[in-house]
Amino acid sequence: MANKLSIISFSGDFDKLTAVFTLATGAAAVGYEVNLFFTFWGLDAIKRKKGRSFTGGTALTKLFGFFMGGLKVAPVSRLNFWGASPRIFRRLMRKNNVATLEELVEAAKALGINFYACEMAMHILGLTKDDFIPEVKDVLGVASFLQLSDGGQTLFI
């Protein structure tokens with residue numbers, strides 16, 4: 001098996017995105033090729049706008065875009081406490097000299113990790129490549145991502 005790790009990021013939750021970027025940056029730091037495929041709520045991690053915004057083409061998709069939020073407002077999957085938990089986690093991470101989610105995303109960019117957006121999810125949510133950070137290498141369908149991932153390990157988070 002090649003030194004390749006591909007991660008499908010389905011969740012937009014703070015803790016799950018932290019796991020995605022911790023695994024990705026750790027693997028890249030030891031020489032792995034890393035491919036991240038963001039789909040549905042996972043797309044929040046790579047949105048250009050970090051907070052709540054009305055992205056999408058129709059009224060319904062704009063509403064979804066607002067509720068999805070973005071990296072800055074990603075909730076914790078359990079015990080979110082009306083949005084307070086991510087702030088608490090960020091404070092604890094800084095206090096314990098652990099990279100925050102935002103720092104992990106920046107490290108992933110610096111390490112040359114490959115970012116891909118899911119074509120189908122983008123179509124459903126009314127998003128375009130312009131809605132995402134410039135580091136998104138390409139928009140892919142499932143078949144293309146599977147071909148890209150071939151020969152390595154694939155995780156679903």
Within region 46-72, restricting to residues that are assigned to a helix (DSSP H, G or I) and either small (Gly, Ala, Ser) or touching a Leu at 6+ places or on another chain (Cβ under 9 Å) (or both), the one that is modelled with the highest pLDDT is Ile46
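Quick check on my filter: what residues within region 101-112 are under 20 Å from Lys4 (Cβ atoms) and either open to solvent by 60 Å² or more (accessible area, probe 1.4 Å) or part of a helix (DSSP H, G or I) (or both)?
Leu104, Ala107, Ala108, Lys109, Ala110, Leu111
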Within region 19-45, residues being assigned to a helix (DSSP H, G or I), surrounded by fewer than 23 Cβ atoms within 10 Å (Cβ to Cβ) and at pLDDT 95 or above number 8
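The values are calculated or read from the model by the stated rules, or taken from the named source; none is laboratory data. Predicted model only: the values in this text are computed from it and were never measured. Don't worry about glycine lacking a Cβ; one is built from the backbone with ideal geometry, like all the others, and counts go over all protein chains shown. What goes into the accessible areas is simple: the full protein's heavy atoms, side chains included, and nothing from ligands, DNA or RNA. Shrake-Rupley method; radii C 1.70, N 1.55, O 1.52, S 1.80 Å.
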